[in-house]
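Q: One structure coming up, written as structure tokens, with questions to follow.
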């Protein structure tokens, strides 16, 4: 009976899209307790830690710990450790507590993916329902209102509603990422003739576009084209489907003002930082990146310590002739995971972080698991505009899915090695 406890724990964690921050913490605690009970019940026969895999998969958290020794912002450093705890806890549970004896096979992986896809689909459905019943769904098509939001004369009510949906509200960008993963998992399952995933594919795509997250939309489009390229062997069919998808995208961009306005905003930014009341999410990012590069020069090799760069960023934000930074108490992170690593841990930390990602990429290629590869690529792309693993939804999603696939890869590879030796 206890042999299944860790799997039950992971099934519970797979429901995390439907829970707020406090709820997600409870789910992780339950998984931890069930894993410890599993180990204690037969400690002598079950404890076989995989220290090497643990050290590798917990590299980002290790960088946080190292950076704590020389950061000048201890409070923000501890905040980073608190938010980043899943980056330590999941590897610890997977590879130290459960270790080599607990095998996560393909069957278990498929069950967990199905559970996550269902819970993610329910999240998207509930948020769409909230938008409809609250009367805010119209905001997708109210071009006048959307134009005002780009001029700071109003609020984007759709994105506001997504973030403030009772109990399950989520930041639009992270809502978009969950939607991408729901859609991608569904695409690969449908390609294996599992047509019951059609509803989750549709709702996942809708979720991405409703999120209004520009990078989520771009990433989804890229992944759709890449997936179709690999899944469809006939060149003729590729051309027909690619052309069809392209036409559908043009119709979506022309018929949904929210998407059209947000992407037009990018083209209008002209790579200029914000000035006066003329600011948007795009030109604010330009200012953030400018500040990031200035602060990188202060400590390029080892960085400024865990979140130690924030004080320097605050000082630099005050130089811009705009009130957007003042409204937010001059508190903006780097909005780029790679820059954040360089700012906190320097070039040395950046190299370790890139190697961390490359090992995941290599394992996905070796295992010939295209879904695994696709999920990693999504993160690699999204890291350019968001500090994904510095927010709980982002790092729990990474730990649950990416490290889950890596654990599955390690276990299957070890099993094959044993069989070959026999």
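FYI, it's all coordinate maths here, none of it is from the lab. It should be emphasised that the depicted structure is a prediction, and the values quoted were computed from it without experimental measurement. FYI the Cβ positions are ideal-geometry reconstructions off the backbone, even for glycines, and counts take in every protein chain you see.
Q: Below 8 Å, C-alpha to C-alpha, sequence gap of six or more: please give me the relative contact order for region 310-422 in percent.
A: Averaging sequence separation for qualifying contacts and normalising by length gives 24 percent for region 310-422.
Q: Further question on the same structure: Rounded, prolate or oblate for region 228-338? Axes are the square roots of the Cα gyration tensor eigenvalues, ordered a ≥ b ≥ c, and the cut-off for rounded is a/c under 1.5.
A: Taking the square roots of the gyration eigenvalues as a ≥ b ≥ c, region 228-338 is oblate.
Q: Suppose each label sits 7 Å from its Cα in the direction of the beta carbon; what would the residue 69-residue 302 distance come out to in nanometres?
A: Roughly 0.7 nm, to one decimal.
Q: Would you report the distance distribution of C-alpha pairs in region 271-327 as whole percents per 5 angstrom bin, up to the bin with the largest distance?
A: Spelled out bin by bin, region 271-327 gives 4, 20, 29, 21, 13, 9, 3, 0 percent.
Q: Once you sort the root eigenvalues of the Cα gyration tensor of region 335-390 as a ≥ b ≥ c, which label holds: rounded (a/c under 1.5), prolate (a/b larger than b/c) or oblate (the other case)?
A: Because a/c hits 1.5 or more and a/b fails to exceed b/c, region 335-390 counts as oblate.
Q: Bin by bin, in steps of 5 Å, what percent of the Cα pairs in region 19-88 do you find, going until the bin that has the longest distance?
A: In order of increasing distance, the bins hold 3, 13, 16, 17, 19, 16, 10, 4, 1, 0 percent.
Q: Then there is this: Where in region 27-53 does the label zone of residue 3 land, with the point 7 angstrom along Cα→C-beta and an amide N cut-off under 11 Å?
A: Of the residues in region 27-53, none has backbone N under 11 Å from the label point off residue 3.
Q: In whole angstrom, note down how far apart the Cα centers of region 1-21 and region 338-361 are.
A: About 30 Å separates the Cα centre of region 1-21 from the one of region 338-361.
Q: Which FRET efficiency value, to the nearest 0.05, do you get for residue 190 and residue 327 by plugging their Cβ-Cβ distance into 1/(1 + (r/R0)^6) with R0 = 51 Å?
A: Approximately 0.70, to the nearest 0.05.
Q: Run the numbers for residue 25 and residue 160: contour at 0.36 nm per residue of separation, minus the present Cα-Cα distance, in nm.
A: This chain segment gains 46.2 nm when fully extended.
Q: Taking the simple approach of a point 7 Å from Cα along Cα-to-Cβ for both residue 247 and residue 111, what is their distance in nm?
A: Using points 7 Å along Cα→Cβ, the separation is 4.4 nm.
Q: Can I ask one more? Based on DSSP H runs of at least 4 residues, each adding -39500 (n - 2.57), what is the mean residue ellipticity at 222 nm of the chain after dividing by all its residues, to the nearest 500 deg cm²/dmol?
A: One gets -22500 deg cm²/dmol as the mean residue ellipticity at 222 nm.
Q: Just need the relative contact order of region 227-359 here, percent rounded to a whole number, with Cα pairs under 8 Å and 6+ apart.
A: Dividing the mean separation by the residue count of region 227-359 yields 22 percent.
Q: Let me ask you something else. With label points built 7 Å along Cα→Cβ from the Cα atoms of residue 381 and residue 311, find their separation and express it in nm.
A: Placing both labels 7 Å beyond Cα along the Cβ direction yields 3.9 nm.
Q: Report the residue, chosen from 19, 332, 302, that carries the largest GNM mean-square fluctuation when the chain is represented by alpha-carbon nodes joined by springs under 10 Å.
A: Maximum fluctuation in the GNM of the chain, among the listed residues, is at 332.
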